[in-house]
Amino acid sequence: MHIIITGVAGFIGSNLATRLLKENHEVTGFDNFSFGSPANISALRQNPRFHFIEADVRDADTLESVSGDVLVHLASQKIPRYSTAFRTLDDNARMLKNAIVCCRTKKMKLVFASTSDVYGKNPDLPYSEESDLVMGPTTVKRWAYALSKIYSEHSIIAHHDEFGLEYTIMRFFGSYGPNQNITWWGGPQSVFIQNILEGKPIEIHGDGLQTRTFTYVDDTVQGVMKCIFHEKSRNGIFNIAGKPDEEITILDLGRLIWKLMKGDTAAPISFIPYETFGKYEDVRRRVPSIGKIKTELGFEPGFHLAEGLQETIRWQTGLSEK
């Protein structure tokens, strides 16, 4: 099959493209390198089945020249912790519109990267695909990202109902691993590893007692592959997550990474108040249900957290040694 990927030089995009090419599919990828890295796709560009176009998916004409079987839309702005809510809302809406127009015009299936952040402040755990989506106030810009993805999900489903657009929506939970961005854009684990490599204290936002369930990138890619190719994924929403019983506090995540890198000595911790980011709200717990994707698509996460972190540490350590 011919798969189109937006954000191909990003973390998940580059890992997905690698997997697709190994399975002899053709891949056309788009990226403007605003957050993705040329290094992530340097090896892929030697493959004759990989076609790269440096372009901005926010531009209406970017996707006009391509057609394929499936468009995997990964390009996205994230939580506006260090940027603006306007950019998150505007960029994500513009890119979504162009992806939908492309898929409708070219009769392609749209596989869309949503986020576990859409579950927001819902206290009822674990989160299934039918769980309520509970947002904070509009005066807190942190919720702009989740709302942009909720709007995207509604728009995709509305286009299916109105025009027959074929789709699959994926809600990612805390992906990490090789090719991740090593700033906060990549998530806490990437920053913690980098803190330790640079001899700095581990930076914990808030009290560190907020919990997450993390997903090693190979498991994320396994889930995306199921959503691309499995017939039962058509017109459905699926959580893609690691092992739900490995929910961990951010503080304990930092201590675990320290132990994997430095042994049993006490980890140096630096707590950073949320006030540093302005008016900010965090989610205290985030635990997925993966029953639907396991039952319907045959997904099964293969990596325990410590195992995936060891692979990630090896990769990120290698970057610092170059």
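The values are calculated or read from the model by the stated rules, or taken from the named source; none is laboratory data. Quick caveat: nothing in here was measured; it's all calculated off a predicted structure. Positions of Cβ are backbone-derived with ideal geometry, glycine not excepted, and every protein chain shown enters the neighbour counts.
Count of the range 114-163 residues, restricted to those that are more than 17 Å from ASN239 (Cβ to Cβ) and assigned to a helix (DSSP H, G or I), is 16. So for the range 32-51 (the condition being touching a strand residue (DSSP E or B) at 6+ places or on another chain (Cβ under 8 Å), within 20 Å of LYS149 (Cα to Cα) and either of a type outside the set (Ser, Thr, Tyr) or at pLDDT 95 or above (or both)), does at least one residue qualify? Looking for residues that are touching a strand residue (DSSP E or B) at 6+ places or on another chain (Cβ under 8 Å), within 20 Å of LYS149 (Cα to Cα) and either of a type outside the set (Ser, Thr, Tyr) or at pLDDT 95 or above (or both), one finds none in the range 32-51, hence no. If you go through the range 60-100 and pick out every residue that is over 15 Å from GLY7 (Cβ atoms) and among the basic types (Lys, Arg), you end up with 3.
When residues in the range 183-205 are screened for being part of a loop (DSSP other than H, G, I, E, B) and surrounded by 17 or more Cβ atoms within 10 Å (Cβ to Cβ), 1 of them pass. Pairs meeting the criteria (first residue in the range 274-299 and over 16 Å from THR139 (Cα atoms), second residue of a type in the set (Lys, Arg) and outside any loop (DSSP other than H, G, I, E, B), beta carbons under 7 Å, at least 6 apart or on different chains) are ARG286/ARG212; ILE293/LYS226; GLU296/LYS232; LEU297/LYS226; LEU297/LYS232; GLY298/LYS226; PHE299/LYS226. Would you say LEU260 is in contact with a helix residue (DSSP H, G or I) (Cβ under 7 Å, 6 or more places away or on another chain) and within 30 Å of ALA144 (Cα to Cα)? Criteria not met by LEU260.
Let's see how each residue does on (1) within 20 Å of LYS109 (Cα to Cα); (2) in contact with a helix residue (DSSP H, G or I) (Cβ under 8 Å, 6 or more places away or on another chain):
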position	(1), (2)
SER34	no, no
ASN40	no, yes
ASN47	no, yes
VAL66	yes, yes
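Applying the criterion of being assigned to a loop (DSSP other than H, G, I, E, B) and touching a Pro at 6+ places or on another chain (Cβ under 7 Å) to the residues of the range 280-310, the residue that is nearest to TYR145 (Cα to Cα) is VAL287.
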